[in-house]
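Student: Pasting in a structure now, in structure tokens, and then I'll have a few things to ask.
The values are calculated or read from the model by the stated rules, or taken from the named source; none is laboratory data. Note that this is a predicted model, so its numbers are computed, not measured. Positions of Cβ are backbone-derived with ideal geometry, glycine not excepted, and every protein chain shown enters the neighbour counts.
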Amino acid sequence: METVTTRQITLRLPESLYQNIKSIAEQQQVSLNRLMQRSLEQIVREAQVRELRAAYEVLGSDAEANDVQAFFAAQSEVVGHDLA
């Protein structure tokens with residue numbers, strides 16, 4: 001079983017934002033910590049998708065110089081990824 005190392009951070013928020021986040025966490029019946037963790041994970045996933053899309057655009061920009069046939073399946077996964 002893999003041990004996951006965690007880090008504790010201090011985050012300063014305006015009171016109104018804190019109250020909104022606290023309300024959302026209560027509605028979703030999760031802790032503030034879990035809500036923030038999920039939100040940050042989503043930001044990371046979206047950034048990774050953008051990076052992959054950019055890489056595939058570069059790859060596909062000169063089809064004669066690149067054998068893109070091998071990457072069509074992977075590219076379709078990235079294009080079909082739901083960012084919402």
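Student: For residue 43, all conditions in the list (1) in contact (Cβ under 8 Å) with a residue 12 or more places away in the chain; (2) under 30 Å from residue 76 (Cβ atoms); (3) β-branched (Val, Ile, Thr) hold save one; what is the number of the exception?
Tutor: The single condition residue 43 does not satisfy is (1).
Student: Filter the stretch 1-16 down to residues that are under 16 Å from residue 40 (Cα atoms) and hydrophobic (A, V, I, L, M, F, W, C) and give me whichever is surrounded by the fewest Cβ atoms within 10 Å (Cβ to Cβ).
Tutor: Ranking the candidates gives 9 first.
Student: Would you list the helices (runs of 4 or more DSSP H) that sit entirely within the stretch 1-83 and hold 3 or more residues that are modelled with pLDDT under 95 and either aliphatic (A, V, I, L, M) or in contact with a helix residue (DSSP H, G or I) (Cβ under 8 Å, 6 or more places away or on another chain) (or both)?
Tutor: Hits in the stretch 1-83: 32-60, 72-79.
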